[in-house]
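One structure below.
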Amino acid sequence: IHRPSRLLAAADGRTIIMGGTPAYGMTGGGLLFWDRSSGQRVLLTHQQVIPDQATISLVALEGGKLLGGTTTSPGTGGETKAKQAELYLLDQATKAIQWHAPLIPAAQGYTDLCLGPDGLVWGFADRTVFFVFDPATRKIVHQRSIAADFTATVSHQGPRVFVQGPKGEVYSLFVRAICQIEPQDWQFKLLARSPVPLGAGGDICQGRIWFASGSQLCSYRLPRE
């Protein structure tokens with residue numbers, strides 16, 4: 001892993017999981033499990049996860065399972081070998097892949113994933129396709145393009161498209177807009193159009209969503225109920 005794309009703190013309070021793309025000229029990024037208490041690490045190669053692909057999105061599920069989303073993009077100067085990005089389920093204890101599939105045809109990267117308040121996984125593919133995945137059935141139950149309304153999500157390394165609020169609400173960040181996702185029907189409620197382009201997402205602090213815009217750190221104050 002040369003360029004980290006995703007860091008996930010596991011529920012055990014000690015394991016950090018990292019995915020990302022490989023070094024210059026290489027194809028396929030691994031998956032790192034690091035115990036911050038003991039300092040021990042386990043590094044899975046891309047051949048042990050999804051060959052010729054790299055993990056760029058991760059979300060923790062019940063029962064010690066992880067749902068990962070890949071990209072076909074290689075390291076800088078590398079060769080793209082896979083034809084479609086995939087979603088996969090991995091058992092954190094055994095580090096074994098239990099299931100994987102290219103559920104969205106022609107998708108080259110699963111930009112970000114988020115566990116929604118409805119217990120389903122919400123995600124974006126190629127920055128323009130929003131989808132809802134049911135881990136129990138391993139099927140996509142909802143999918144649509146948001147390109148006509150919001151062009152594309154934020155990007156860069158570790159884009160953090162989804163921002164989760166203190167009451168379980170979920171926000172999504174686009175290049176020129178900030179929205180809230182309604183859990184009843186997965187519709188996007190526009191909160192604000194941005195006067196500056198959003199580059200990468202962040203988190204909520206003191207009632208504001210923080211994000212990067214070029215070299216600047218910016219924020220948006222959420223509406224008060």
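Looking at the P(r) of the chain, how many percent of alpha-carbon pairs lie beyond 28 Å?
Above the 28 Å cut-off, the chain has 28 percent of its Cα pairs.
For the chain, what is the mean residue ellipticity at 222 nm derived from helices alone (per DSSP H run of n ≥ 4: -39500 (n - 2.57); sum divided by total residues; nearest 500 deg cm²/dmol)?
On the way: 1 runs with 4 residues, N = 225.
Calculated at 222 nm, the ellipticity per residue is -500 deg cm²/dmol.
Of the accessible area of the chain, with the probe set at 1.4 angstrom, what percent is carbon plus sulfur?
That share works out to 51 percent.
Using the Cα centre of the chain as the reference point, and only Cβ charges (+1 on K/R, -1 on D/E), how large is the resulting charge dipole? Debye, rounded to the nearest 20.
Value, rounded to 20: 420 debye.
Where Rh denotes the Kirkwood radius from the mean inverse Cα pair distance, what is Rg over Rh for the stretch 1-89?
Ratio value, two decimals: 0.98.
Of the peptides 131-143, 185-197, 98-110, how do they stack up when ordered by the mean number of other Cβ atoms within 10 Å, highest first?
Descending packing order for the listed peptides: 98-110, 131-143, 185-197.
Based on the alpha-carbon set only, what is the convex hull volume of the stretch 104-225 divided per residue, in Å³? Intermediate results must be reported in sequence, preceding the final value.
Working: hull volume 13.1 nm³, N = 122.
Normalising the Cα hull of the stretch 104-225 by residue number yields 107 Å³.
Pairs on different chains or at least eight residues apart, Cα atoms closer than 29 Å: how many lysine pairs in the chain fit?
Lysine pair count for the chain: 13.
The values are calculated or read from the model by the stated rules, or taken from the named source; none is laboratory data. Treat the numbers as computed from the prediction; the structure is a model and nothing was measured. All Cβ positions, even for glycine, are placed from backbone atoms using ideal geometry, and neighbour counts span all protein chains on display. Areas reflect the complete protein model, heavy atoms only, side chains present, ligands, DNA and RNA absent. Shrake-Rupley method; radii C 1.70, N 1.55, O 1.52, S 1.80 Å.
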